[in-house]
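The values are calculated or read from the model by the stated rules, or taken from the named source; none is laboratory data. From a predicted model like this one, the values you see are computed outputs, not experimental measurements. With ideal geometry, Cβ positions are generated from the backbone for all residues, glycine too; neighbour counts draw on all protein chains shown.
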Amino acid sequence: MKTTQVRTRNGLIAALDIGTTKTTCLIARSEGGNANFLGYGLHGSRGVKAGTIVDMEAAEQSVLQAVHAAEQMAGETISQVLINVSGGHPSSRTVIQEVPIAGSEVDEQDMRQALDQAR
């Protein structure tokens, strides 16, 4: 599993979840490898339908309200935030491809060829 280092300002970590029904902002302070919860903001989502932003101005207002409430509770002002936005309606389909390998071991080129054909 890949881990990502998050650079913080004064140890503050802010996370924003923009959902179809609600927008939530959480603020914590990183101290000694632990995150201490400072505040949260919650606001009903506007401008988001089925995980897709359909009205940018309405979505912006929901984000601003949630962030403002979290900042007030935490007594801090954030300048960076980690954002989560749902991806709408994910879907998949099965594609069958055949690539001749002539009895040899499957290598990267074989995989690339199969993927190219499937696209």
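Quick notes on this structure:
- Taking residues in the stretch 80-99 that are closer than 16 Å to ILE18 by Cβ, and partners anywhere that are aliphatic (A, V, I, L, M) and modelled with pLDDT under 70, the pairs with Cβ atoms closer than 8 Å and at least 6 places apart or on different chains are LEU82/VAL6.
- Residue count, the stretch 32-62 (criterion: touching a residue at least 12 places away in the same chain (Cβ under 8 Å) and either in contact with a His (Cβ under 8 Å, 6 or more places away or on another chain) or among the small types (Gly, Ala, Ser) (or both)): 11
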